[in-house]
Amino acid sequence: MNYRTTVLYVDDNPKSGRLLASVLEGCGFHVIPSNDPIEAIALCKQTSFDLALLDYEMPSMSGAQLAEEIKFRTPDVPVVLISGHASLPATELVFVDAHFGLGTSLDDLRWKMRVLVQPHAATITSPRSMMIHGTDST
């Protein structure tokens, strides 16, 4: 059985939420969608997930505030914040592992999500890579 990364995805816009959830599912992620940050906090208590993907601008609670709540409950779960802003103040990113804003590609987002969930994969060097860089001892 293949393991699929489970993503808690919170976006108050139902249309964009369904669209991105569908795209992520097509890329092999299992998505637990929520349109409400308060509901997402309850989900944190009821289910486990590998990564939280949060919209920044939501009416009842910002993605940055939700990131803090999630990190309080599950400190080892990476949090990715998505927004329509090219950058955000550092104070908004304290509990965020990555921010993707204006101009970000879907490929960049997917790659970073995979790296955050499996950080050891980014540090392992393949045997072919070792040979290319001249560190093969054979």
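The values are calculated or read from the model by the stated rules, or taken from the named source; none is laboratory data. Note that the coordinates shown come from a computational prediction; the quantities given were computed from them, not determined experimentally. Virtual Cβ from ideal backbone geometry, glycine too; neighbours counted across all protein chains shown.
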Next on the checklist: Name the residue that is nearest to LEU106 (Cα to Cα), counting only residues in the stretch 26-60 that are of a type outside the set (A, V, I, L, M, F, W, C) and surrounded by 15 or more Cβ atoms within 10 Å (Cβ to Cβ).
Outcome noted: ASP55
Item to check | Whichever residue in the stretch 71-83 is closer than 19 Å to GLY101 by Cβ and assigned to a loop (DSSP other than H, G, I, E, B) and, among such residues, is farthest from the chain's Cα centre (by Cα) | outcome: SER83
Checklist outcome for this item: In the set TYR3, TYR9, the lone residue that is of a type in the set (Phe, Trp, Tyr) and modelled with pLDDT of 95 or more is TYR9
Checklist entry - Inside the stretch 100-115, can you point out the residues that are free of Cβ contacts under 8 Å to residues at least 40 places away in the same chain and crowded, with 17+ Cβ neighbours inside 10 Å? => result PHE100, LEU109, LYS112
Checklist entry - In the stretch 104-138, which residues are more than 15 Å from LEU81 (Cβ to Cβ) and modelled with pLDDT of 50 or more? => result SER105, LEU106, ASP107, ARG110, TRP111, ARG114, VAL115, VAL117, GLN118, PRO119
